[in-house]
1. For every helix of n ≥ 4 consecutive DSSP H residues, a contribution of -39,500 (n - 2.57) applies; sum these over chain B, divide by its total residues, and give [θ] at 222 nm rounded to the nearest 500 deg cm²/dmol.
2. What Rg and what Dmax come out for chain A when only alpha-carbon atoms are used, in angstroms?
3. Write out the chymotrypsin sites (Phe, Trp or Tyr not before Pro) in the range B:53-133 meeting two conditions: DSSP loop, and at most 15 other Cβ atoms within 10 Å of their Cβ.
4. Could you please rank A:Leu238, B:Leu243, B:Leu134, placing first whichever residue has the fewest other Cβ atoms within 10 Å of its Cβ?
5. Using only alpha carbon positions, build the gyration tensor of the range A:50-112, then give the equivalent ellipsoid semi-axes as the square roots of 5 times its eigenvalues, largest first, whole angstrom.
6. Can you tell me what the convex hull of the Cα atoms of the protein assembly as shown projects to on average, as an area in nm²?
7. Can you list the equivalent-ellipsoid semi-axes of the range B:1-94, largest first and in whole Å, using the square root of 5 times each Cα gyration tensor eigenvalue?
8. Only counting other Cβ atoms within 10 Å, I'd like A:Val183, A:Val121, B:Val21 sorted with the fewest neighbours first.
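Every number here is computed from the coordinates shown, using simple stated rules; none is lab data. All values reported here derive from a predicted model rather than from experimental measurement. Glycine also receives a Cβ, built like all others from the backbone with ideal geometry; neighbour counts cover every protein chain displayed.
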Amino acid sequence: MQPTISSEKDLRGPLVNPDQVELRDLDEAVDEPDRVVPGIEFRDVYLSFDDRQILNGISFTVRRGETKLILGRSGGGKSTIIRLILGLLKPDAGQILIDGEDITPYTEQEMMPVRQKIGMVFQEGALFDSLSVYENVAYRLREQGVDEDEIGQEVRRMLQFVALEDAIEKMPIELSGGMRRRVGIARALIGDPQIVLFDEPTAGLDPPTARTICELAIKLRDLQDVSSIFVTHEMNNLRYLSSEYAVIDEQGHVVFEKEGEKLCLINTEVIMLRDGEIVFSGSDEQLQSCRDPYIQRFIHGK
Amino acid sequence: MNPVTKFLFELQEVGLLLWGVLTGLFRKPRYLDEVIKQMDLIGVGSLPIVLLTGFFTGGVLILQTFPTLQYYGIHSEAGRSVAVSLIRELGPVLTALMVSGRIGSAISAELGSMVVSQQIDAMRALGTDPVKKLVAPRVIALIVMLPLLTVAADIFGIIGGGVIASYIFDQDQNVFITSVRNGITSNDLIGGLIKPFFFGMVIGGISCHKGLSTTGGTVGVGLSTINAVVLSSIWVIIFDFFLAKAIQSILGVGII
């Protein structure tokens, strides 16, 4: 069976050769009723701080295995959306659904189980600087009271995923910015959350490190079926995420392929925010061909 | 916001924080190791400065009052004067002030930097309640350790007074000790131990609240540290007055 693109497949991302990877039967996946329920859904969300309107009627959905890139200028409410999903903020009006569950009326206590399903990568990593890299990554599992042996295994697996096994005993202060960001990713991904939120994960990093972080996001999307939101204002990230996909080759290595004749990526969409409103929503091709002068200026930086 | 509204708002925030600590005691998970770590930091760590403060306060009390007492011919009661003022007032208040300077600043600076570096958000995002994990252990450790530190300060203060009385004013040690023992009642001791219990809540509540409500980067951390120390010191002194009044009416302490 060759990787093909079909209307059904869009729910699960680009296909890899099914002989090599453990994937459930496609039809079965499509029949699963809970796949129809979006991972994240915003319904007409409003939020203001004092007299400043931050979000003005935002609605969008992120399906399973889909990556939503949120573009917009700094201070345009991008990070606010992420904080709303985690319940760190509450909207003034509207509903936010996680896995079909309306979290808007939830108290801090009720939010805790919801947050366990979500991994969050913070702008500057936000590592606990009194804890070592190991303890940082292990944090979530320790809080859940998981057995220490199992935690050790998982931590090593996650650090391998972000290629930082050597840093396991270090303190966050000894790491470079890019390494800290990657530890942040490992910490967010432990426990295999089905929703991962990236808050400008590449801001202030050199291009190769930024590229690595995009590759991690692509791997999550294509190989692990994770729904994610990727907040950024860097166009490079958009290019990588919307034109490349990860597959596992015959040797079992992960390789990145360019979107082309063989496959067209439809599990990545772009939203652009301006003054708390969505001014664009669609694929990156649509974004490129959009005539709106504001969007053109944003894309080309002039 | 006008000052009255702001005051009431802050009062509400501190109250809610302490309420969160109280209700959190009955819910899992409990961070016992964290509490013990804080007790070590707050209690054992503050012991040297508290002992020094106590010792020299007791000493200076005798140094200043002994000549006056001698003038009236009641210098045999010097021990009583130092013991009563230390146990009722100076012990609890000075200990609380020293601890609010040392620990209040540490708490608000630590929590404040965690806020500005998004560590508190990260903690919440990873499913941990910062009130339970960070605030409760500190407040509990303060409430438990402050009375103990106060007792240590009281004892060292009385020793300091005794040392000065016998070495500078050549008073017989037995006279001093007898006057101390005759001077203090069990109600004095109870009153002197109720106060630090409340002071612990005041320092813990204000410092944690100030730390967690930090805004505006590193400058904000500095500001909230200042606020934490200043406000907790002032409120310790204000609380002390009202507690003294309440203890006087309830236990009859200090009414001769």
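1. Values: 11 runs with 198 residues, N = 256.
Computed mean residue ellipticity for chain B: -26000 deg cm²/dmol.
2. 19.0, 58
3. Working: sites: B:Phe55, B:Phe56, B:Tyr71, B:Tyr72; in loops: B:Tyr72.
Sparse-neighbourhood loop chymotrypsin sites (Phe, Trp or Tyr not before Pro): B:Tyr72.
4. On the way: A:Leu238 21, B:Leu243 18, B:Leu134 24.
Result, fewest neighbours first: B:Leu243, A:Leu238, B:Leu134.
5. Numbers: eigenvalues 74, 59, 22 Å².
The equivalent ellipsoid of the range A:50-112 has semi-axes of 19, 17, 10 Å.
6. 32.4 nm²
7. Details: eigenvalues 340, 95, 27 Å².
In descending order, the three semi-axes are 41, 22, 12 Å.
8. Working: A:Val183 25, A:Val121 29, B:Val21 22.
Neighbour counts put them in this order, fewest first: B:Val21, A:Val183, A:Val121.
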